[in-house]
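Structure record follows, encoded as structure tokens.
The values are calculated or read from the model by the stated rules, or taken from the named source; none is laboratory data. This one's a predicted model, so the numbers in the text were calculated from it and none came from an experiment. Cβ sites come from the backbone with ideal geometry, for glycine too, and all protein chains shown count toward neighbours. Calculation scope for accessible area: heavy atoms of the full protein, side chains included, ligands and nucleic acids excluded. Shrake-Rupley method; radii C 1.70, N 1.55, O 1.52, S 1.80 Å.
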Amino acid sequence: MSALPSAPLAATARVAARPVRPNLRPMRRSIALAILLLPLLALPGAAQERSSSVPFRAVDFATGLERPWGGAFLPDGRLLVTERPGRMRLVGRDGRVSEPLSGVPRVETGGQGGLLDVALAPDFARTREVFFCHSVLLSEGAATRLVRARLAGNDSGLEAVTPILDATPAQSSGRNHYGCRIAFGPDGALFLSTGDRFNTKMRAQRLDDLAGKVLRVSRDGAPFADNPFVGRTGARPEIWTLGHRNPQGLAFNPRTGSLWENEFGARGGDEVNVLRPGRNYGWPLVTHGVDYDGSRIGEGSSKPGLEDPIHIWVPSVSPSGMAFYTGDAFPAWRGSLFLAALNPPGLVRLSTEGDRVTGEERLLWNRTRLRQVIQGPDGLLYVLTDEGRGRVLRLEPER
Ligand SMILES: [Ca+2]
């Protein structure tokens, strides 16, 4: 571990600071106007938090990871981490990165695909079971796949690697929007988010289709008998919620027990949702965003029978993984939801009250694309950067 206080992160800021000599008068006028208009521009649920941030520093905890995507801390404090091109490694408590683990299956890496999230079974200490998801090429096309495996006793690799669920139908066209975040509920159920596969045929709205959904399954990949669409003709019983675009964040709110989800909008319209079983979260019927060419999508931003997000971003921040903070290292951040943002890059902190968002703060902004944020057993925050020479950043209190 190299304790360099965020020096590499400053590189992009230096590039941006080109020596230009603008005429400052119109700029000052625009700034004054923007400040005056700010309250009018406030969007529902998009309040900015005005309180000052907690002092912290970001250090490079681990380096040499290629596009890290997901991670999970083992009971002994080591971090199991995925690399999108198809490798899994262990990061020691000293930040040292292991050789790739053996036994990782071949993954489809086109577009946004690859080896994506990983999570430990709730009883990992006893069973050593891990769950991960990746894009896979089936004979009909690509799909999101959920896999169960066991971490070998000597930690060198995976064994008993068993695919347990494919988010079918597979799709031959396109390699985008796999979703693929895993979360375990307090009841031990496994939740998996799947993307709509960037499909124009309303896959997210179809109940006979596992794309654009959040699924709730057992550790064998089987649906639970009390899932909301069990017994409905033509519906896939694994579905928990529908109408999602590309959800890459899933986290249980430790204070309420609710499952929170986030997803990318198109141009604008990124969302945070609180998931309730059987509900329809609207994509692509309703959205706060527009299409990439500026054209309108669907029927507006809200409609009876479709769930409204509890927080949106217009313009987008492209949120990927997220985590609620419950640690002791940053007492003022307890209860906050942190989201790793890709574009513009940075870390978003949402303060929450129950299942509501009460404020927003942006940290490490406009520096490096971030893919996932994880709370360590030491109460510090660990952030995966979406870079070819990717890193694990550690946020530490500034004393
Ligand atoms: Ca929605």
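Which loop trypsin sites (Lys or Arg not before Pro) in the stretch 305-394, with loop taken from DSSP, have no more than 11 other Cβ atoms within 10 angstrom of their Cβ?
Arg389
222 nm [θ] for the chain, helices only, -39500 (n - 2.57) per DSSP H run of 4+, per residue, to 500?
My calculation for the chain gives -2000 deg cm²/dmol from helical runs alone.
Using +1 on the beta carbon of Lys and Arg, -1 on that of Asp and Glu, and nothing else charged, what's the dipole of the chain about the Cα centre, debye to 20?
1140 debye
Projecting each Cα onto the charge dipole of the stretch 67-397 (Lys/Arg +1, Asp/Glu -1 at the beta carbon, about the Cα centre), which of Ala183, Pro100, Ser301 comes out farthest on the positive side?
Pro100
So which residue, out of Gly195, Gly249, Gly379, gets the largest mean-square fluctuation from a GNM of the chain using Cα contacts under 10 Å as springs?
Gly379
Can you tell which of Ala266, Gly234, Thr200 lies farthest toward the positive end of the dipole of the chain, using +1 and -1 charges on the Cβ of basic and acidic side chains (Lys, Arg; Asp, Glu)?
Farthest towards the positive pole: Ala266.
Under the rule of at least 5 residues apart or a separate chain, name every residue whose amide H is placed under 5 Å from the amide H of Thr352.
Leu337, Thr358
Round to the nearest 0.05 the FRET efficiency obtained for Glu353 and Arg389 when R0 = 41 Å and r is the Cβ-Cβ distance.
It comes out at approximately 0.55.
Gap in Å between the Cα centre of the stretch 214-277 and the Cα centre of the stretch 149-172?
Taking the Cα centre of each part, the stretch 149-172 and the stretch 214-277 sit 21 Å apart.
If one computes the Cα centroid of the stretch 79-140 and of the stretch 324-364, what distance in Å separates the two points?
Comparing the Cα centres of the stretch 79-140 and the stretch 324-364, I get a distance of 26 Å.
Pick out which of Trp69, Trp283, Trp365 has the largest mean-square fluctuation in a Gaussian network model of the chain, springs linking Cα atoms closer than 10 Å.
Largest GNM mean-square fluctuation: Trp365.
Using per-residue counts of other Cβ atoms within 10 Å, averaged over each peptide, order 134-141, 235-242, 150-157 from highest down.
So the order, starting with the most tightly packed, is 235-242, 134-141, 150-157.
Can you work out the accessible area per residue across the chain, with the rest of the protein chains kept in place, probe 1.4 Å, in square angstrom?
Per residue, the chain has an accessible area of 44 Å².
What order, most packed first, do the peptides 114-124, 297-307 have when packing is the mean number of other Cβ atoms within 10 Å of each residue?
114-124, 297-307
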